[in-house]
1. May I ask for the distance between the Cα centers of the range 254-294 and the range 187-219, given as a whole number of Å?
2. Report the net charge of residues surrounding Y128, where surrounding means a beta-carbon distance below 13 angstrom and charges are Lys +1, Arg +1, Asp -1, Glu -1.
3. How large is the accessible surface of H203 in square angstrom, using a 1.4 angstrom probe and rounding to the nearest 10?
4. Give me the accessible area of Y128, 1.4 Å probe, in Å² rounded to the nearest 10.
5. Ranking request for peptides 112-121, 222-231: highest mean number of other beta-carbon atoms within 10 Å first, then the rest in descending order.
6. Rank I282, I190 by accessible area, highest first, at a 1.4 Å probe radius?
Amino acid sequence: MAALIAENFRFLSLFFKSKDVMIFNGLVALGTVGSEELFSVVAFNCPCSPARNYIYGLAAIGVPALALFLIGVIWNNHTWNLVAECHKRGTKNFSAAATFLLFGSIMGRAAVAPVTWSVISLLRGEAYICALSEFVRPSSLDKFPAEQGAEVLARFPCKDVPANLTRFRDDVTRRLRYESQLFGWLLIGIVAVLIFLTKCLKHCCSPLSYRQEAYWAQYRSNEDKLFRRTAEVHSRILAAKNVKQFFGFVALDKEEKELVQEFPVEGVQPSPQWNAITGVYIYRENKGFPLYSRLHKWAKGVEGNGPSPEGHEMLFLAS
């Protein structure tokens, strides 16, 4: 049993550490679905008051979606690569196609969670019913009392209505839920078509073959893993040396002592090197040979970021 549990945890660990974009987007969508369900059960409470219903219903759909979108933008590495690029080099080396591709990548990934939230909210229908119940035309309801108006209709989502209006409440709720779910399914269809067209456009415009693109993705993933792992070890060893210089000794565990002995760190990388490997990268070739990243380009000693007689910009963004 212990071995089975350990194996399951190992599988989940590998699954959540996967860099595959589709898996990552799926996890984001599932997390958003769970959050929306929790919000609906715990937090959603329609005020059932004219003028307040509309604001509250739209806020229940729009504000979390906006927050999720901003979080998606913040978590996207391309966002900060773009900030670094604009700060250090400007965008003069970007073509219009490359700029569009970059922003499309950032916005597309950031939109996964808010779109999922909006779809689930519309399919549930509670926020939509709360927002629009008071705007239902009484004349569209058969034999609805003429003396009753928006104030009574606004109370329909809370089911706090006189017994003689229960039938109208059910009709209004059914009608608005139908509209809400219809918009939800339409949104799903539109997003699916956009994803399909985007994938087709990406592969049609890509200058790389399918196998080279797969290799490039593997290279980026491995470079990132190795860079982060090496940076963690380098910073630990450098910190140990500085602490030892200040106190005269440093308290290291066995593993850290082995690291210090195995990897001697003489100094730190100068700022120009960090600047050279930081920023947005567009796939380029130099004398016919591919350059898969800014680090690869720096290691090969290739200067500049824009197209040159010896380097050809392929307008394909490193994702």
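1. 29 Å
2. Numbers: positive: R124, R174, R175, R177; negative: E126, E134, E179.
Combined, the nearby Lys, Arg, Asp and Glu give +1.
3. In the full protein context, H203 sits at about 90 Å².
4. Approximately 30 Å² of Y128 is accessible to the 1.4 Å probe.
5. On the way: 112-121: 22.3, 222-231: 11.8.
Output ranking for 112-121, 222-231: 112-121, 222-231.
6. Numbers: I282 5, I190 100 Å².
So, going from the largest accessible area down, we get I190, I282.
The values are calculated or read from the model by the stated rules, or taken from the named source; none is laboratory data. On a predicted model such as this, the values are computed, not experimentally measured, just so you know. Because the Cβ atoms are built from the backbone with ideal geometry, glycine has one as well, and the counts that use them run over all protein chains shown. Each accessible area value is taken on the protein alone, full model and side chains, heavy atoms only, with ligands, DNA and RNA left out. Shrake-Rupley method; radii C 1.70, N 1.55, O 1.52, S 1.80 Å.
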